[in-house]
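Have a look at the structure below before the remarks.
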Amino acid sequence: MSSNDIGRIMLPNGRSLSRMAYGVWRLSEAQDCSVSANLARIDACLAQGITTFDHADIYGDYSCEALFGEAIKAQPSLKDRIEIVTKTDIMLLSSKWPDTRVKHYDTSPAHVTASVERSLSRMGVEVIDLLLIHRPDPLMDAQALGRCLDGLIDTGKLRGAGVSNFMPWEVDLLQSCMRHTLQTNQLELSLLHTAPFINGQLAHAQQHRMPVMAWSPLGGGRLHSQAHTPGTAAARLAPKLAALAQAAGTDTTAVAMAWLMHHPVHILPVMGTNQPERIARFSDAERVPMDRQTWYELYELANGHEVP
């Protein structure tokens, strides 16, 4: 492992993901989303050992998987160097789906299977490392979905399956209908969204030795954009984050990521930016000292009160 390698997290199935992931949800919004520009973003990740790329079929109005796929097709050797995570079940109102009258979720086997085939085709790969069910579906037939996911793993379309935004009982329901172990639960988790620390989601993940992926780990950018807005959690946190960043010779983003990564459940932040110079600093989080009391100082500032 090189000095700037971000490290790995083991999954229940014995495979691994990089300690952080690159989220592609903003790829279609880049000023330059050419193949060469996207290859530069991928290379900036790989230079730090960040090999996990987080997708969803809906990102960029169903366009980001294809943009990423063009880069892979231009450099096929990448397929052996990266892990691809993607998601399914959200149906957006979109010109791509003219028959969709209302935003909804679809966890039917027919939709999930077709979605996997589309993702494989868009990205030009033969297997998806992890397919996540993007949102809990009130109409989910757990037995049917479980059989579908098991079958997709058995036939080699997927290396594993997981969920996103699920509560513990929803994870347990789907897992009870599967032979293969669910690999992760991807949650909204940051200094500005701390509910999973006490609502049972992280406790359940730790009980089942299931790593957690954290989406929006900077609070959708509010950790920075609201840093000077009086009365906000971001403003309360800003001085402490700045002091810790200065002491570590890095920036506040790295401190916020180090705070998440300190948790014993092995939280894997999903970072999204189109700027290679910002991507190149993701691994700074690994060199930010974080002890128990520092963690609780930030937790107290985030919540606006001391723990009971």
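The table below gives the values:
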| item | result |
| --- | --- |
| The one condition in (1) in contact with a Gly (Cβ under 9 Å, 6 or more places away or on another chain); (2) buried (at least 23 other Cβ atoms within 10 Å of the Cβ); (3) among the hydrophobic types (A, V, I, L, M, F, W, C) that Cys64 fails to fulfil | (1) |
| Some residue of region 296-304 being outside any strand (DSSP E or B), more than 30 Å from Ala40 (Cα to Cα), in contact with a Phe, Trp or Tyr (Cβ under 7 Å, 6 or more places away or on another chain) and at pLDDT 95 or above | yes |
| Residues that are within 16 Å of the chain's Cα centre (by Cα) and open to solvent by 10 Å² or more (accessible area, probe 1.4 Å), drawn from region 172-193 | Glu188, His193 |
| Any pair with Cβ under 9 angstrom, 6 or more apart, that starts in region 61-79 at a residue that is more than 13 Å from Arg122 (Cα to Cα) and ends at one that is open to solvent by 30 Å² or more (accessible area, probe 1.4 Å) and acidic (Asp, Glu) | Lys79/Glu126 |
| Those residues of region 98-136 which are part of a loop (DSSP other than H, G, I, E, B), of a type outside the set (Gly, Ala, Ser), farther than 19 Å from Val85 by Cβ and open to solvent by less than 70 Å² (accessible area, probe 1.4 Å), in sequence order | Thr100, Asp106 |
| When residues of region 279-308 are limited to those that are over 14 Å from Val255 (Cβ atoms) and touching a residue at least 12 places away in the same chain (Cβ under 8 Å), the one least open to solvent (accessible area, probe 1.4 Å) | Ile279 |
| Top-ranked residue of region 205-251 - restricted to ones that are part of a helix (DSSP H, G or I) and surrounded by 21 or more Cβ atoms within 10 Å (Cβ to Cβ), ranked as farthest from the chain's Cα centre (by Cα) | Leu244 |
| Residues that are surrounded by fewer than 19 Cβ atoms within 10 Å (Cβ to Cβ) and farther than 15 Å from Asn13 by Cα, drawn from region 146-165 | Arg147, Gly151, Thr155, Lys157, Asn165 |
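The values are calculated or read from the model by the stated rules, or taken from the named source; none is laboratory data. It should be emphasised that the depicted structure is a prediction, and the values quoted were computed from it without experimental measurement. Counting neighbours? That spans all protein chains shown, and the Cβs are built from the backbone with ideal geometry, glycine included. Accessible surface is based on the protein model in full, side chains and every heavy atom, while ligands, DNA and RNA are left aside. Shrake-Rupley method; radii C 1.70, N 1.55, O 1.52, S 1.80 Å.
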